[in-house]
Structure formats: structure tokens, C-alpha cells
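The values are calculated or read from the model by the stated rules, or taken from the named source; none is laboratory data. Because the structure is a prediction, the values reported are computed rather than measured. Every residue, glycine as well, gets a Cβ built from its backbone with ideal geometry; the counts of neighbours run over all protein chains shown. Ligands, DNA and RNA are excluded from the accessible area calculation, which covers all protein heavy atoms including side chains. Shrake-Rupley method; radii C 1.70, N 1.55, O 1.52, S 1.80 Å.
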Amino acid sequence: MAVGIVALVVAVIPLVGFVSFVLGPLAVVLGIVGLVKKRPRKGFSITGIVTGALALLVCLLYLALGIALAGLFSNAASQTATYTYKVVGDGTFQVTYTTTSLMERTTNQATGQFSTDVQASRVLGTLEAHNVGTSAGGLTCTITDATGRLVSTQTASGAGASVTCATLAGLDGDGLEDGREDGREDEGGDGNGGGQP
């Protein structure tokens, strides 16, 4: 019974819950052994079997959910689109960006402005920049898609300031910063703006 209760409690805790893949079946086996030995307290054995089985079920549900999420992430990561990566700064800054893999990083140094068009993953594309040397001015990164819709933006200033933008921010279909602005423009415009799904 004790092993089954521990297995059930641990099973609902993210990351460590997979310990119940061992504790759950162990509780079931011990519960069956207790029933076979015909001890006077059969309730303990039955409780062990039930809690162990429930713990195992919770683990299997977590496993199924993890596999489904991994499949969705893999599918989204394999989809690419055209983006414009842009950094504007008051001084000299270093730019590092990724397109289809977080392991493959491109680094450049620029002064004033950096811009490049890339074919990047909708999930794994990132753009980072930070002031270098004595530069302490403002720094802004932006990622826009092929239609010019703002996907991600961040601003910082000061010595050592850094900014990070990601294509992942655009998966909601409305952009990160400009969703409400697009909606306002569409109300009085011609209806062809970013408010469309």
C-alpha cells in the first residue's frame, strides 16, 4: 500500500513522475503477493494494487502527451518561412542568429544597422545582439515575415545591453507587438491588413 501511494503521488509530479514506471508495477506485484498470502488485512493489498495501477496509468498518459508534443514541435520546427532579421543600434554591436538549427549560429559585427533576409524555421529562428566595446547606446532587434508583419521585437540600452528576438513569437498568427495595432488599422482601412487569420 505504501509503495502504491508513493508511486501515485510521485506520478503527478512533472519530470520525476517517471519513477512511477518502476514503483507502480512494484506496488501491483506486492499487492497481489499480499492477496495470495491471505493476510488478514486485504484492504492494504487492494489499495496497493489500485494506487500502483493508477500511478502507472498517469505515467502512460504523461508519456503519450510527451510523444504528441514532441511530434508537434518537430513538425513546426521543420516548417520554414522567409524572415527579415534587423538590428539597429547607436554604436557597434555583435549580431548572432540562427535559422533552422540552434547549433548552427552565424555571427557578425556591425555599426548602426544590420539586416539580412533568411529562410528560417518557424520555431528555431533566433536573432541576438549586444553592444560591444564602449558602445552604450540603444539597441533594437526586429524580426518581420515576408508580408512585413512584425513577428518579434526587443529594445535595450546601456553598456553591454543585449536583445533577443525569435520567430517562435509569430506562431500565434498575430505577431508579438503589432497585433493590436493591425486591428486598429483594419477598422478604418480597406480590410486587407494583418487582422486576417
**Request:** Working carefully through the options Val12, Val33, find the one that is open to solvent by 60 Å² or more (accessible area, probe 1.4 Å), modelled with pLDDT of 80 or more and of a type in the set (Val, Ile, Thr).
**Result:** Val33
**Message:** So for the range 68-85 (the condition being open to solvent by less than 20 Å² (accessible area, probe 1.4 Å), in a loop (DSSP other than H, G, I, E, B), within 30 Å of Thr144 (Cα to Cα) and touching a helix residue (DSSP H, G or I) at 6+ places or on another chain (Cβ under 7 Å)), does at least one residue qualify?
**Reply:** no
**Prompt:** Can you tell me which residues in the range 107-153 are of a type in the set (Asp, Glu) and surrounded by 14 or more Cβ atoms within 10 Å (Cβ to Cβ)?
**Reply:** Glu128, Asp145
**Request:** Answer yes if at least one residue in the range 43-65 is open to solvent by 70 Å² or more (accessible area, probe 1.4 Å), part of a helix (DSSP H, G or I) and closer than 30 Å to Ala120 by Cβ, and no otherwise.
**Result:** yes
**Item:** Number of the exception - Ser115 against (1) over 23 Å from the mean Cα position of the chain (by Cα); (2) small (Gly, Ala, Ser); (3) closer than 15 Å to Ser162 by Cβ
**Value:** (3)
**Message:** Need pairs with beta-carbon distance below 9 Å; first residue on the phi > 0 side of the Ramachandran plot and within the range 137-162, second open to solvent by 30 Å² or more (accessible area, probe 1.4 Å) and in a strand (DSSP E or B); sequence gap 6+ or separate chains.
**Reply:** Gly148/Thr84; Gly160/His130
